[in-house]
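The values are calculated or read from the model by the stated rules, or taken from the named source; none is laboratory data. Worth saying up front: this structure is predicted, and the values here are computed from it rather than measured. Neighbour counts are summed over all protein chains in view; Cβ atoms, including those assigned to glycine, are modelled from backbone coordinates with ideal geometry. Heavy atoms of the whole protein, side chains included, go into the accessibility calculation; ligands, DNA and RNA do not. Shrake-Rupley method; radii C 1.70, N 1.55, O 1.52, S 1.80 Å.
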Amino acid sequence: MKYSKDLIKPEDFPKGFLWGGATAANQYEGAYMEDGKLPSVADVQPHGVFGYPDRNAKYYPTHGGIDFYHHWQEDISEFGEMGFNVYRTSVAWTRLFPTGEEEEPNELGLQFYDQVFKTCREKGMEVMVTISHYEMPLHLADKYGGWKSRKMIDFYTKFVKTMVERWHGVVKYWLTFNEIGNNIHKMEWMTAGIDPKTSTLNDVYQASHHQFVASSLAVKIIHEIDPEAKVGSVIEYKTIYPMSCDPKDSIVVLKEKQRGYFFSDVQVRGQYPGYAWEYFKENDINIEYTDEDMAIIKQYPVDFLSFTYYRSRIASKDYVESVQKETNTSDKEIHGDTAYRGDDNIVNTGKTNPYLKLTPSGWSIDPDGLYLALVDLYDRYQVPIFVAENGLGIKETLVNGTVNDTYRMEYLRDHVIAMQNAIKDGVDLFGYAWWGPIDIVSNGSGQMSKRYGFIYVDRNDAGEGTLKRYRKQSFYYYKKLIASNGRDLTIPE
Ligand code: BG6
């Protein structure tokens, strides 16, 4: 993954840089009960509901997704046409182990991914598998309380071993958990199968601990079976600016960032950082762990770090204090779910950043924030970095069989420039995956109308439509950009 600076011009991306896209099975595949599959935690989250299950709703967008299950040949072919040399996706755990408890995997589930991965390779794409992307078996959440239970480690490692035995030499990159942990505060159900209505902060950190052990064991298993494969962690990176130059605002920023760093610190550095123990003490968190757990975490860190980046946030001490007062809560709740209520762009401030434009759904557009993230993470860890997700989700209408999405090209161009600048600074960045290269179901809102794709899909928020795919204008832009290895960024008139 290292590259020699002598071989490239400063403005170039390294030779072999990975360009592609990322999806998740539950948001894409549909066919949620086909060929032996059973529901995952995502399949009981209805349209318009975020972060908790509701089993009596009328419509669940993940059930149909955009039916990749029956359109995979066409879609992979389109990704190949754009020139992708990497495709990141998850394997639906419930296709292989429908309840999670079966001794033997479901052969039909394995066969589905056999053909998808083989076709990716034939089209010149490396396959990067997210082992768990918000879609653990519903049965395990219901029966064991999700990742609160230590038993999850065994179910997960069986799932990992099955995949690596089947796809060693085919899948080169593995990511152990999507956005491990730092989303667990606001999405306990999706990330860990914990019902937020009854959970405590202790449960959240206990679940995280089990995921850390499971992740390290995944590194061990993957390396033993396939020494060539690389294993990474995915965090949700938060670029956060202090609201003012009051040092207390910068401390709030640091504390907020530590909630995220915690997960990469453990996975990359192999140990719990001091500030985490202090946080546990302050918040009466007592997790159960063994010396052997800590030894496993130490011995099997990840090979590389990846992160998702969409936008930046601002934070201030005043806002934290006002919410504390208003809700009569302690620090632990402020830094938990409370901080995310309302407009999700506005973490801890109640205000938007006046220097940045917002998307219609209220997310800031901040390519400099990506540059800052890359430099920060590389300085902190000195391991190869991969951008696991980045993208712009917006309502769009098809006109004459296409979408003239210049705004998406501009977003992409500016974030590519941010990556170039980080590479010039010496960041060992080896790839980039656009989130949702084809329109898929939104994780946060269940909408189809929050469209990220270079390819438009005829399906609406009620699940109606022909599912026909149409190339947007950005399809050709990304294709040109990839063909020039990130040098041709000119947006057509
Ligand atoms: C990331 C998740 O946090 O954000 C994806 O890994 C998700 O699953 C993406 O789809 C974009 O968020 P949303 O809510 O617009 O789908």
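Note on Glu282: accessible area approximately 120 square angstrom, rounded to 10, probe 1.4 Å, nucleic acids and ligands left out. For Leu18, the amide hydrogen comes within under 5 Å of the amide hydrogens of Gly431, Tyr432, counting only partners 5 or more places away or on other chains and with H modelled in the peptide plane.
Calculated over segment 125-235, the projected area of the Cα convex hull averaged across directions stands at 6.5 nm². Summarising the amide proton neighbourhood of Trp435: residues at separation of 5 or more, or on other chains, whose placed amide H is nearer than 5 Å comprise Ala22, Asn390, Gly391. Applied to segment 16-27, the Karplus parametrisation 6.51 cos²θ - 1.76 cosθ + 1.60 on θ = phi - 60° returns per-residue 3J(HN,Hα) values of x, 3, 8, 10, x, x, 10, 9, 10, 3, 5, 8 Hz, with x for Gly and Pro. Computing FRET efficiency as 1/(1 + (r/R0)^6) for Lys151 and Tyr59, where r is the C-beta to C-beta distance and R0 is 30 Å, gives about 0.40.
In terms of solvent-accessible area of protein heavy atoms at a 1.4 angstrom probe, what is the ranking of Leu175, Leu138, Leu254, highest value first?
Numbers: Leu175 0, Leu138 20, Leu254 85 Å².
I get Leu254, Leu138, Leu175, largest accessible area first.
Let me know the shape class of segment 339-493, please: from the alpha-carbon gyration tensor, a ≥ b ≥ c as square roots of the eigenvalues, rounded when a/c is under 1.5, otherwise prolate if a/b is greater than b/c, or oblate. It is oblate, given that a/c is not under 1.5 and a/b is not larger than b/c.
In this structure Glu104 has an accessible area near 140 Å², from a 1.4 Å probe over the protein heavy atoms. When all alpha carbon pairs of segment 238-278 are counted in 5 Å bins from zero, the resulting P(r) reads 6, 24, 25, 19, 15, 8, 3 %.
Please report, as a whole percent, how much of the solvent-accessible surface of segment 166-268 comes from carbon and sulfur atoms (probe radius 1.4 Å). Answer for segment 166-268: carbon and sulfur cover 57 percent of the accessible area.
Could you work out the local net charge near Pro53, counting Lys and Arg as +1, Asp and Glu as -1, over the other residues with Cβ closer than 12 Å to its Cβ? Neighbourhood net charge equals -3.
Could you work out [θ]222 nm for the chain from helices alone, using -39500 (n - 2.57) per DSSP H run of at least four and dividing by all its residues? Round to the nearest 500 deg cm²/dmol.
On the way: 16 runs with 189 residues, N = 493.
The helix contribution divided over the chain gives -12000 deg cm²/dmol.
With distances taken between every two different alpha-carbon atoms, segment 1-132 has a Kirkwood hydrodynamic radius of 16.5 Å. Taking all protein chains together, Thr119, Thr198 sort by accessible area into Thr198, Thr119, largest first [probe 1.4 Å]. On segment 372-455, 46 percent of the accessible area sits on carbon and sulfur atoms, based on a 1.4 Å probe. At the residue level, Arg380 shows approximately 70 square angstrom of accessible surface with a 1.4 angstrom probe and all protein chains present.
In terms of Cα atoms, the Rg and Dmax of segment 124-177 work out to 12.8, 42 Å.
For the chain, calculate the relative contact order in percent as a whole number, restricting contacts to Cα pairs under 8 Å that are 6 or more residues apart. Write down the numbers at each step before the final one.
Numbers: 987 pairs, mean separation 86.2, N = 493.
That works out to 17 percent.
Sorting the segments 86-94, 301-309 by their residues' average number of neighbouring beta-carbon atoms within 10 angstrom, most packed first, yields 86-94, 301-309.
Positive end of the dipole of the chain, charges at C-beta (+1 Lys, Arg; -1 Asp, Glu), about the Cα centre: which of Val266, Leu140, Trp434 has its Cα farthest in that direction? Ranked along the dipole, the leading option is Trp434. Quick one: how many lysine pairs does segment 229-331 have with C-alpha atoms less than 27 Å apart and a gap of 8 or more or different chains? Give me the count, please. Within segment 229-331, the lysine pair count is 26.
With 29 Å as the cut-off, how large is the P(r) tail for the chain, expressed as percent of Cα-Cα pairs?
Numbers: 56816 of 121278 pairs.
In whole percent, the share of Cα-Cα pairs in the chain beyond 29 Å is 47.
Largest first, the residues Met33, Met187 sort by 1.4 Å accessible area into Met33, Met187.
Across segment 47-139, the relative contact order, built from alpha-carbon pairs under 8 Å that are at least six residues apart, equals 34 percent. For GluC sites (Glu not before Pro), the sites in segment 220-266 that DSSP calls loop and that have at most 16 other Cβ atoms within 10 Å are Glu228. The simple spin-label model puts a point 7 Å past each Cα toward its Cβ; for Tyr470 and Asp142 those points are separated by 4.0 nm. Across segment 167-302, C-alpha contacts under 8 Å between residues 6 or more apart give a mean separation that, scaled by the residue count, equals a relative contact order of 33 percent.
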